[in-house]
Structure formats: C-alpha cells, structure tokens
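Everything below concerns the one structure shown next.
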Amino acid sequence: MATIKHALIIGGGIAGPMTAQALHKAGIEATIYEAYASSAEGIGGTLMIAPNGLDALRTIGLEDAVCAIGQPITRMVIANSRGKALGEFTGMPGLPPSQLVWRTDLYRVLQQQALANGIPVEFGKRLVNVVETPSGVTARFADGSSASGDVLIGADGIRSTVRRLIDPQAQGPQYTGILGFGGYAEGSGISAPADAMHFVFGKNAFLGYWGESAGRTLWFGSLPYPEALSASQARAIPAADWLHVLRELYADDFPARHFLQHTTDDQLFIAGAGEMLPTIPHWHRGRMVLVGDAVHAPSSSSGQGASLAAESAIQLARSLRDLPDLSQAFSAYEKLRRARVEKVAADAARTNNRKASGPLKKNLMHLLMPIMMKVFFKPEKVFGALHNYRIDWSETVGS
C-alpha cells in the first residue's frame, strides 16, 4: 500500500496528465498545475506513439482513445535523394502499428481522461519555489498562491523549473544543429500512402513525409543552421523567405522538391530549433522527482518522446506504490528508466549528426548507405528491444 497519498504535478502538457493517470491507478491522488493561463489545445504538430508507448497507455486505459485519434503507420521506408527505397520496416511481429497523432488531439484526450477520473487541473500556476519539510512539500506559484502534498513531480518539459530546483547546475537543452519545418503539399502529383512514413536522406538535408486519408501529403524537414532560433524567432522571419531557402536546399531531391513547390506560405509550419537534453545527473532530490521531457528529452529524431514519457509515468507510479521509503522509491524508478532512455537519446543524437553533417560527410553517407542498409539494417536488432518493452503493472517493484 502506497504511503504517498497526494502528489503535486508541475506541468499539464503530455507527461503531466499521463503521470496523473498512472498515480490514479496506483491509488495516489494528484493535482496538475499548469503554468499557462489556458489549455494547449490547437498547439503543436504531430508526434508518433510507438508500440511500446501504446502498451504503456494500455496500462492506464488510454490506448483505445489514442488509437481513435491516430493514423496507423504500418511501414517505415528509408530512401535516398532520388526517392529510391533503400530499406523498409514493416513492424515487429505481434505488435500493433505505431500511431501518428496530432499533439492537440493527444492533449485533448489526456485532459478528458483526467477530468473523468476527477484529477484537478489548475491553470496559471507558474512554479517559482519549493519548500520541503520532513512530512511534505509546498509549491509556491508566481500568483502568490501555494499548494502542499507528499511529493512534487516535475513534468514541466525541456526547460523544467523543477529540474533547476533539484540541481541548479543541471544543463539545459542543447541545440541539435537543425531547424525544423513542416507543411502540407497539395497537387504535387506524388502519391503518398497513408499507412507509410518515408524518411528521405537528401543530398543536403533530411525530409520525411506521409499521406493523409484526405489526399494531402504532409512533410517535415530539417535545415542545418548555425544559430539556434526559437520558434518565435524563426516565425519572425517571413514564411516566404524560409520557403525560398528550403526550395533551394531540396532542389536536387525527389520527391522533396515537388512537395516544397506545392506548399504555400500559409501551409508552412515553422518549429524552430531542434533540441535534446544531455544526461541529467540528478533525477530526484528530497521530495522532488522528474518525469518526461523534464529529465529525458531525446530529439524528435527518436520518435519516442511521448512513448518514453508514458513508460516513465507508469514506472514512477509503480515505485511510489510499492516502496514506502521515498528515497528508495525514487532510486528504484531511476534504476528502471535511466539506461533505457539514455540509449534512445544517444541513438537519436547519432541520427541528428547525420542530418546536420556537412557536404563531404553527406556525400560519403550517400555512397555507403545502400551497402549499409543491405548488410547491417536488421529491424529486429534496431527496433526489437525498443518496441517490445513491456511493463508488468502487477509485479512488485523492489528497491
């Protein structure tokens, strides 16, 4: 039986509500405190929920709701700058397909489930400080209010305030060397199946694309750029200027050049700098602990951000459920998670290096990639341990 009765969760995006659901299943009450004054519906692009993420969501009763808003991706195709497929991954046997979801839809589903389970969400609560006592923790917010509980969980994203309070020396997010863009392409003449995600390593940059059931093609691309521009800084530059740069960047790549020619200014999505967290030395201190992007934020190249957040939410809830000593619970949680999330981050970093590399390295990669794909690309080795990860909720966590 958990000795922790009430948790304060800082951050109401994706990881926060997931963690609240997992704690609810473990018999622990939670209240979510979101810094922004309103909900995040309508904000953000797309993200992938991999089979391991779907399994974690099944544990907390959310898999069906997520699949209902998702687009199943049954194939992943890796292609060169001429559009020639070099390799294809059709998924691991016995596992469901990954689901491509809009962040705003996932956010809505998580909020609805929190409401259905009686989990309060308070907006306009920007954390400024934490006071701990032997028996509890109090969060103090910028509006002068406060809240008290048994533990405080930082689910407040890649620029986490809780992470800084746990360890003032902790590093912040690092720039991956690329700016992210995306958009719609209509009337390009290129058929894009709705069940396949294509990853194209072009001559100068990377581009991914997939089709929608409505007939549109959606794409996302990476622009190697020396300066880390935030989304607001990048959006201050006219979309027409960015499209000009991107069309030149992908001029020699098929089918990227066709997508860019059929994307208008108002159809361009500007994401800004790609970022990832370095290794975080301290996941917890006292009555505070981190979850999701606040402690492990691999770059978007991993396709695992939301899935890892769901896994960590469940493992944290299990640890708090089974271990009455708080220090032991947090240590057990970290032991269950650190090696896995750091491997995913390291693999994504290598992918980023390929995306941001210079012309010489890219030319060499294009020469070697067909051989490497034939000889070394073993889907079961690359994705097996990643996608087959399972959490047994009924198993007791040991210290």
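Every read-out reported here was derived from the displayed coordinates using simple, explicitly stated rules and does not represent laboratory data. Small disclaimer: the values here were computed from a predicted structure and weren't measured. FYI the Cβ positions are ideal-geometry reconstructions off the backbone, even for glycines, and counts take in every protein chain you see.
Would you give the gap between the C-alpha center of the range 224-268 and the C-alpha center of the range 61-86, rounded to a whole Å?
Answer, in whole Å: 23.
State the volume of the convex hull built on the alpha-carbon positions of the range 1-131, expressed per residue in Å³ and rounded to an integer.
Hull volume over Cα atoms, normalised by residue count, gives 153 Å³.
Using a 10 angstrom Cβ neighbour count of at most 14 plus a DSSP loop assignment to flag exposed GluC sites (Glu not before Pro), which longest range of the chain is free of such sites?
Working: sites that count: E41, E186, E212, E227, E395.
Between exposed loop sites, the widest span is 228-394.
Given only helices, namely DSSP H runs of n ≥ 4 each adding -39500 (n - 2.57), what is the per-residue ellipticity at 222 nm of the chain, to the nearest 500 deg cm²/dmol? Intermediate values should be presented prior to the final figure.
Numbers: 12 runs with 144 residues, N = 399.
It lands at -11000 deg cm²/dmol.
Which FRET efficiency value, to the nearest 0.05, do you get for Q112 and T74 by plugging their Cβ-Cβ distance into 1/(1 + (r/R0)^6) with R0 = 41 Å? Walk me through the numbers before you get to the answer.
Details: r = 27 Å, r/R0 = 0.67.
Rounded to the nearest 0.05, the efficiency is 0.90.
Of all DSSP beta bridges in the chain, what percent run antiparallel (nearest 5)? The partial results should precede the final answer.
Numbers: 47 of 66 bridges.
Counting only bridges with both partners in the chain, antiparallel ones make up about 70 percent.
Taking 0.36 nm per intervening residue step and subtracting the Cα-Cα distance, what contour gain separates K84 from S232 on full extension? Intermediate results must be reported in sequence, preceding the final value.
Details: separation 148, 0.36 × 148 = 53.28 nm, distance 3.58 nm.
Full extension from K84 to S232 adds 49.7 nm.
Given R₀ = 56 Å, FRET efficiency for N388-D143 by Cβ-Cβ distance, to 0.05?
Values: r = 45 Å, r/R0 = 0.81.
Computed FRET efficiency for N388 and D143: 0.80.
List every residue whose amide H lies under 5 Å from the amide H of A271, counting only residues 5 or more places away in sequence or on a different chain, with H placed 1.01 Å from N in the peptide plane.
Answer set, sorted by chain and number: G180, F181, G182.
Quick query: amide H of G87 versus all other amide H atoms, modeled in the peptide plane; which residues come in under 5 Å with a sequence gap of 5 or more or a different chain?
Those lying under 5 Å, H to H, from G87 are I78.
Which option, [x] 19.2; [y] 20.7; [z] 26.4, is the value of mean projected area of the Cα convex hull in nm² that was calculated from these coordinates?
For mean projected area of the Cα convex hull in nm², the calculated option is [x].
For G157, which sequence-distant residues (separation of 5 or more, or a different chain) have an amide H within less than 5 Å of its own amide H, given hydrogens modelled in the peptide plane?
Placed amide hydrogens put D293, A294 under 5 Å from G157.
Which one of H258, G183, G215 has its Cα pushed farthest toward the positive end of the charge dipole of the chain, where Lys and Arg give +1 and Asp and Glu give -1 at the Cβ?
The one lying farthest along the dipole's positive direction is H258.
If R₀ is 35 angstrom, what is the calculated FRET efficiency for the pair T133 and Y36, using the beta carbon separation as r and rounding to 0.05?
Working: r = 29 Å, r/R0 = 0.82.
Step by step, r from the Cβ atoms, then E = 0.75.
What are the ³J(HN,Hα) values, in whole Hz, obtained from phi via the Karplus relation 6.51 cos²θ - 1.76 cosθ + 1.60 with θ = phi - 60°, for each residue of the range 268-277 in sequence order, with x given for Gly and Pro?
Listing the rounded values in order: 8, 9, 10, 8, x, 5, x, 9, 8, 8 Hz.
What's the ranking of 297-305, 234-242 by average number of surrounding C-beta atoms within 10 Å, highest first?
Working: 297-305: 24.7, 234-242: 14.2.
Per-residue mean Cβ counts within 10 Å order the peptides as 297-305, 234-242.
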